[in-house]
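Read the figures in this text as sums done on the coordinates, not as results from a lab. Since the model is a prediction, treat every value here as computed from it, not as a measurement. In this analysis, Cβ positions are derived from the backbone assuming ideal geometry, glycine residues included, and neighbour counts consider all displayed protein chains.
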Amino acid sequence: MMLLKILLQFLVFLVYMVFLFRYIKIARAGRKYLKDITAASCVPDSKNNGKIVHINCRLDKSVVNYVGKEFWSNIYSHNGIFVETKVEIFQWVPRERMTGKFYSGEFVDHLLPSNIFYKNPNFIPNVGGSGRVYAKQIKIGGYIIGREWFVNLNNKSKLKVDDDEWYEPSSSVPPVEISNLNTQVFNDFLYTGDIINPKIGDIRISFYGSEDIEFSVIGRQTGTLLGEYQLKPVEFLNKKMVLVAGKFYDKQELQDYIFSQISKTNIEILRIVLILLLSALVYEEIKSEKVYLLKIN
């Protein structure tokens, strides 16, 4: 037990030093911002090939995402960097109140365990296009940018769903397959069952699209033989990246914003690890104290 305490103390000290070193490193890196950045228009100029450029441009209208083809008569596409299909299943959900635990039926986006009296489904049907899907090619102004640089942009809104006035309920609950044929529309949701009185296993589907249409970007401009222009990663805070934000910034503000996001994420992870180790150390102290008192008694 003493060895475990010593090990925990060492780990706490080690994580604290890493935390401190990382904080100092990030703070120093903040002074090493990119220099020689060329302000570029939304119409690329070949003279800027090879240069680090900064643009404030709108999403090109050619950037389109499509939902699963099973629902094209209800909703077809969205002009944005991503479209998201959310699938929920009606299940028994445990809740607590003053008189004790109780169960209520609710739509949830993941499977919940059953108990003796409240049985939940053991699968969620496969729904075409479920989850978040990014556009294959993202074009900001006249520049093509890799979609991996947009994954931290999460602004979204619920999309309108049209009623195709076709509905034939499935014989099984949950349904094995879901499409526009066995769903009905209400309040921009698709339901496989009764809208007012759903059963355990009924499915509800909704669609969301990215809201961001104005972007600030810093990257290295390159041209292709096809006459296209791309923005490639640059070295920033010891990382290779294209700097992207979902609103217009000047070049200094954009770097400040990206710096704050990176530092916040890194420090938060280390802080959580430190708290967990300190909790384990306190627990060991309390446990050893109890053992000591028992021996005395």
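Annotations for the structure displayed:
- Sites Phe102 and Asn79 - FRET efficiency at Förster radius 51 Å, r taken between beta-carbons, to 0.05: 0.70
- Treating r as the C-beta distance of Lys47 and Asn187 and R0 as 41 Å, the FRET efficiency rounds to 0.20.
- Residue-span extension gain [Ser172 to Asp250] - 0.36 nm each, minus C-alpha spacing: 22.5 nm
- Rounded to the nearest whole Hz, the Karplus-based 3J(HN,Hα) values (6.51 cos²θ - 1.76 cosθ + 1.60, θ = phi - 60°) of segment 207-214 follow the sequence 10, 9, x, 4, 8, 5, 10, 10, with x at glycine and proline.
- Filtered trypsin sites (Lys or Arg not before Pro), segment 162-230: DSSP coil and at most 12 other beta carbons within 10 Å: Lys199
- Checking the cross-link pairs Lys136/Lys158; Lys158/Lys239; Lys158/Lys247 against a 32 Å limit on the alpha carbon distance flags Lys158/Lys239 as lying beyond it.
- Remark: relative contact order (segment 65-212) = 32 percent; criterion is Cα-Cα distance under 8 angstrom and separation of 6 or more residues.
- Theoretical FRET efficiency, 1/(1+(r/R0)^6), r = Cβ-Cβ of Tyr66 and Glu165, R0 25 Å, to 0.05: 0.65
- Shown here is the pair-distance distribution of segment 149-251: with all Cα-Cα distances grouped in 10 Å bins from zero up to the longest one, the shares run 13, 27, 18, 15, 19, 7 percent.
- Sites matching chymotrypsin sites (Phe, Trp or Tyr not before Pro) across segment 104-162 that sit in DSSP coil, with at most 13 neighbouring C-beta atoms within 10 Å: Phe117, Phe123
- Hydrodynamic analysis of segment 85-234 uses the Kirkwood radius over alpha carbon pairs. Inserted into Stokes-Einstein at 4 °C and 1.567 mPa s, it gives a translational diffusion coefficient of 69 µm²/s.
- Annotation note: GluC sites (Glu not before Pro) in segment 141-221 located in DSSP loop regions with a Cβ neighbour count of at most 13 within 10 Å are Glu165, Glu177, Glu211.
- Computed on the Cα trace of segment 93-137, the radius of gyration divided by the Kirkwood hydrodynamic radius gives Rg/Rh = 1.18.
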